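The values are calculated or read from the model by the stated rules, or taken from the named source; none is laboratory data. Quick caveat, the model's predicted, so the values are computed rather than measured. Because the Cβ atoms are built from the backbone with ideal geometry, glycine has one as well, and the counts that use them run over all protein chains shown.
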């Protein structure tokens, strides 16, 4: 850890902060856009037209179960799938027991990446299977035949990497009080002391985590807390290993505060990389999160930073080069205050 100043306690938070207004740049959960997202939205238009024409009873039933007082989407909302990209805007929703697609949250792949998983699987496994069938039928053992099998293998490997990238495994989240868990999988590449962080309100520690294309890319809450606000900034796509990427790349900062005293404040910053150019975050101000709860992802290699208050009783439990797992690895711990239990 690099030290900017001598350790000193951070000023105590006065209490719960009111939610900030929603960042006007965050009109949906993937502010950077993307080709696959546009394909999925186009498919949604076709799906809604089909449902209205063929399944009017289903449409009426889902409308009767729907909660909320306004439509947050630029299109009709017939069932929970229509809210996928606009769930950070409030408005319509369905109770879990009324959502026929809730089961998708239990599959071991990122739900917000299923469209990419499907498209890239078709673009890799599809040609690999077709070429393999042609080569097998031809039975050509010559150089061209062997080269064709090399192409088949390369396409299959690329497809397998895409599948591996979008995995979303279960995590056992530690429950002991005072713990701060990692918001991302990857490698700890920086641990810096900050003289002052504007949101934390005093001295802070910033931990940077690099996510390669081989890491799980779901982001999770470091503590149990409530979302105070979100700040999005468009930017470059520098290599996420470079320190400059934290300042110049596209990023989204989640500003959150513990739900109980002493109401410490934290920032989790999602930062794109040279390959990853799609930040996803479905939070809105006022949302409550459990420690280790999923709240977004960054599609392909990227960087995640955690800013936490530096105060008496803080112990950093990680070091440079450590491999960490979101929601499971303890990055820091706050000691219980003298004479009382911590949170």
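Kindly evaluate residue 311 against the criterion of being at pLDDT 90 or above and assigned to a loop (DSSP other than H, G, I, E, B). Here the answer is yes, as residue 311 does meet what is asked. Please enumerate the residues belonging to the stretch 165-180 that are over 26 Å from residue 259 (Cα atoms) and part of a loop (DSSP other than H, G, I, E, B). Hits for the stretch 165-180 are 166, 168, 169. Exactly one residue among 189, 119 is surrounded by fewer than 17 Cβ atoms within 10 Å (Cβ to Cβ), within 30 Å of the chain's Cα centre (by Cα) and either in contact (Cβ under 8 Å) with a residue 60 or more places away in the chain or assigned to a loop (DSSP other than H, G, I, E, B) (or both), and that residue is 119.
Every residue, every condition in (1) at pLDDT 95 or above; (2) outside any strand (DSSP E or B); (3) surrounded by fewer than 22 Cβ atoms within 10 Å (Cβ to Cβ), yes or no:
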{"position": "242", "(1), (2), (3)": "no, yes, yes"}
{"position": "296", "(1), (2), (3)": "yes, no, no"}
{"position": "318", "(1), (2), (3)": "yes, yes, yes"}
{"position": "337", "(1), (2), (3)": "no, yes, yes"}
{"position": "341", "(1), (2), (3)": "no, yes, yes"}
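Exactly one residue out of 200, 228 is part of a strand (DSSP E or B) and either at pLDDT 90 or above or not assigned by TED's automatic domain parsing to the domain that holds residue 88 (or both): that is 228. Do the conditions hold for residue 160, that is, is it more than 24 Å from residue 31 (Cα to Cα), under 22 Å from the mean Cα position of the chain (by Cα) and surrounded by 12 or more Cβ atoms within 10 Å (Cβ to Cβ)? Yes, satisfied. Taking the stretch 27-86 as the range and being assigned to a loop (DSSP other than H, G, I, E, B) and in contact with a strand residue (DSSP E or B) (Cβ under 9 Å, 6 or more places away or on another chain) as the test, the residues that pass are 29, 30, 31, 32, 33, 34, 66, 68.
Scanning the stretch 89-110 finds one or more residues that are surrounded by 15 or more Cβ atoms within 10 Å (Cβ to Cβ), more than 19 Å from residue 293 (Cβ to Cβ) and under 19 Å from the mean Cα position of the chain (by Cα).
Looking at this structure, is residue 262 within 21 Å of residue 178 (Cβ to Cβ) and touching a residue at least 40 places away in the same chain (Cβ under 8 Å)? Yes, satisfied. Quick one: is residue 223 in contact with a strand residue (DSSP E or B) (Cβ under 8 Å, 6 or more places away or on another chain), closer than 30 Å to residue 317 by Cα and either assigned to a loop (DSSP other than H, G, I, E, B) or free of Cβ contacts under 8 Å to residues at least 24 places away in the same chain (or both)? Criteria met by residue 223.
Flag: residue 183 matches the condition of being part of a loop (DSSP other than H, G, I, E, B), in the same structural domain as residue 257 (by TED's automatic domain parsing) and surrounded by 16 or more Cβ atoms within 10 Å (Cβ to Cβ).
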